[in-house]
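Reviewing the structure listed below.
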């Protein structure tokens, strides 16, 4: 069941990523990109990393993909106009895929067993973020707030 789920998720994720690189309408490409993010989150869930999968869904699907869609809707004047087929996107996607496949095939197999590590709980991750990593966490929050305010200023100036 695990390998069948892996191959199904892989096919959906790769198809969504290829659609994001090639679809003529930009809004459809952005929604395909969000589907590719969901596929990556499904891989995390399949590996048993529920916290990372939920972060993937909340941050990338819930925030980044929605931000991309809103940016497209707020800044494009010719939303109905279609772009031509994006051959450069297909070539770049195939080149990246070929490079990753080459790296995977050239990597030596590791036969050493990893040392078992106790699983982290969400509570431990939260305590680490609020004690050891509070300064980087606050910096990221300020940076994202500044980016949001900057985007709002750009949209408000454009309407005048």
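Does residue 67 satisfy the condition of being part of a helix (DSSP H, G or I) and modelled with pLDDT under 85?
Spelling it out, residue 67 is indeed part of a helix (DSSP H, G or I) and modelled with pLDDT under 85.
Looking only at helices (runs of 4 or more DSSP H) that fall completely inside the range 1-59, which ones have 3 or more residues that are within 16 Å of the chain's Cα centre (by Cα) and crowded, with 18+ Cβ neighbours inside 10 Å?
By residue number, 2-22, 26-47.
Matching residues to (1) on the phi > 0 side of the Ramachandran plot; (2) touching a helix residue (DSSP H, G or I) at 6+ places or on another chain (Cβ under 7 Å):
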position	(1), (2)
16	no, yes
27	no, yes
42	no, yes
48	yes, no
56	no, yes
67	no, no
70	no, no
97	no, no
100	no, no
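Does at least one position in the range 92-107 carry a residue that is surrounded by fewer than 14 Cβ atoms within 10 Å (Cβ to Cβ), within 30 Å of residue 151 (Cβ to Cβ) and at pLDDT below 90?
Taking every residue of the range 92-107 in turn, at least one turns out to be surrounded by fewer than 14 Cβ atoms within 10 Å (Cβ to Cβ), within 30 Å of residue 151 (Cβ to Cβ) and at pLDDT below 90.
The values are calculated or read from the model by the stated rules, or taken from the named source; none is laboratory data. It should be emphasised that the depicted structure is a prediction, and the values quoted were computed from it without experimental measurement. Positions of Cβ are backbone-derived with ideal geometry, glycine not excepted, and every protein chain shown enters the neighbour counts.
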